[in-house]
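The values are calculated or read from the model by the stated rules, or taken from the named source; none is laboratory data. Quick caveat, the model's predicted, so the values are computed rather than measured. Here the Cβ positions follow ideal geometry from the backbone for every residue, glycine too, while neighbour counts run over all protein chains shown. Areas reflect the complete protein model, heavy atoms only, side chains present, ligands, DNA and RNA absent. Shrake-Rupley method; radii C 1.70, N 1.55, O 1.52, S 1.80 Å.
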Amino acid sequence: MQRKHYDEDHLAFGEAVRTFIAKEMLPDYLAWEAAGLMPREVFQTAGANGFLGLQVPEQYGGGGTDDFRFNQVLGEELMLAGIGGAGLGLTLHNDICLPYFLHYCTEEQRQRWLPGIVSGELITAVAMTEPGAGSDLAGIRTSATPAGPGADSDLIVNGAKTFITNGINADLVITAVRTGPDRHKGLSLVVLERGMPGFERGRNLEKLGLHSQDTAELSFTDVRVPAANILGELGKGFLGMVSNLPQERMSIAIAGVAGARAALNWTISYVRERKAFGQSIGSLQNTRFVLAEVATEIDVAQAYLDQCVNALLIGDLTPEDAAKAKWWATELHGRVVDRCLQLHGGYGYMQEYPIARAYADARVTRIYGGATEIMKEIIGKSLKLG
């Protein structure tokens, strides 16, 4: 079916993104994978090309658009190019971190941070997960205590975070901290900046996949965070985190469906060329049936996903619908990559083929941003079964 989700501006933006990826990312991507890190300069180049801070008002240097479909185009093109590891750093910066700065910053904070976020000079991360608190955000224990009397006091932060995407490269880390005993109302958000005394980065974690994406452990020992770096109101951190989750989950779902489509594209090309038993693998009935199923599942998922993005554009996307998109798209991604790798035979297990890297990259998407089981719990509760 013809996809009418994008207009001419989106299509032109997509062409610009493809040109950028081909010139600035693909030639060095495997080197980044081996190094376990994408250079900071890539963010700056992306910023110079207008691919960062799309929703930031023009007065701060941004694109000035509320149309999330431009974010969707960027996310899809990164996955279709087979560079999900590097792409995650950019989409996290745009889709997941930026809304916190847009919704909760004071005017002084906007002037201080937004231009650098748009240019790529300031790389962002969000630090929620702790060694003992993953999907249960209310279990966060990293503490922030007043440094002195008064409501405008600085905060002293102590604790640790783990599995933090962009953790090595980040200059601004939106950090969830406990400022009170209540499980939900006792959480707040602060921005920790590169170079603050007591803010240390641990090792760049060695992962199954997404090797070019820096993922770090962070530790805080008596870090003095000025009151000017408190994001939003004290005690409103849990509400802030939860309110941003639908868009975060849409970003992950977009990558999931696009990643599945990339796997299908690579496999179609492979089975057309690869011979077995005197004929192309693509001419075998099993191959046709497998890829027919995969193509159908992707198109059906794409239709639902596009409707969810349309709902997000007008503020109507519910947490339940976002949860449906997230778990279905990521499970689909894993299922499709697995079936497509099988059709590559032994070559599918070789790292020189993008399907092998995609297989490893896809696994974590069913965990981060809320595990599949959490998504089903959200949906199940909305059904009011008893």
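Table for the structure above
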read-out: Yes/no for Thr175 being modelled with pLDDT of 95 or more, surrounded by 23 or more Cβ atoms within 10 Å (Cβ to Cβ) and among the hydroxyl-bearing types (Ser, Thr, Tyr); value: yes
read-out: Sole residue being touching a Gly at 6+ places or on another chain (Cβ under 6 Å), buried (at least 23 other Cβ atoms within 10 Å of the Cβ), closer than 23 Å to Leu218 by Cβ and β-branched (Val, Ile, Thr), chosen from Ile117, Ile96, Ile123, Ile140; value: Ile117
read-out: Among the candidates Leu11, Leu52, Leu26, Leu30, residue that is crowded, with 19+ Cβ neighbours inside 10 Å and hydrophobic (A, V, I, L, M, F, W, C); value: Leu52
read-out: Subset tally (residues that are outside any loop (DSSP other than H, G, I, E, B) and buried (at least 18 other Cβ atoms within 10 Å of the Cβ)) for segment 57-75; value: 8
read-out: Qualifying residue in segment 308-328 (condition: part of a helix (DSSP H, G or I), over 22 Å from Ser382 (Cα atoms), open to solvent by 50 Å² or more (accessible area, probe 1.4 Å) and out of contact with any Asp or Glu (no Cβ under 8 Å at 6 or more places or on another chain)); value: no
read-out: For Leu332: the one exception among (1) open to solvent by 10 Å² or more (accessible area, probe 1.4 Å); (2) more than 14 Å from Ile379 (Cβ to Cβ); (3) not aromatic (Phe, Trp, Tyr); value: (1)
read-out: Tabulated pairs, segment 273-286, first within 16 Å of Arg339 (Cβ to Cβ) and in a helix (DSSP H, G or I), second open to solvent by 70 Å² or more (accessible area, probe 1.4 Å) and at pLDDT below 90, C-beta under 8 angstrom, 6+ apart or interchain; value: Ile281/Lys275
read-out: Candidate set: segment 268-292, residues that are touching a helix residue (DSSP H, G or I) at 6+ places or on another chain (Cβ under 8 Å) and under 21 Å from Ala329 (Cα atoms); chosen: the one most open to solvent (accessible area, probe 1.4 Å); value: Ile268
read-out: Lone unmet requirement of (1) farther than 30 Å from Asp28 by Cβ; (2) of a type in the set (Lys, Arg); (3) in contact (Cβ under 8 Å) with a residue 24 or more places away in the chain for Lys161; value: (1)
read-out: Selected residue (criterion: nearest to Glu108 (Cα to Cα)) from residues of segment 212-244 that are loosely packed, with under 15 Cβ neighbours inside 10 Å and of a type in the set (Val, Ile, Thr); value: Val242
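Condition check ((1) closer than 23 Å to Ile367 by Cα; (2) buried (at least 22 other Cβ atoms within 10 Å of the Cβ)) across all residues:
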site	(1), (2)
Gly180	no, no
Pro197	no, no
Gly202	yes, no
Leu205	yes, no
Leu210	yes, yes
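Residues checked against (1) farther than 30 Å from Leu239 by Cβ; (2) open to solvent by 10 Å² or more (accessible area, probe 1.4 Å); (3) in a loop (DSSP other than H, G, I, E, B); (4) of a type outside the set (Lys, Arg):
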position	(1), (2), (3), (4)
Gln302	yes, yes, no, yes
Val337	yes, no, no, yes
Lys381	no, yes, no, no
Lys384	no, yes, yes, no
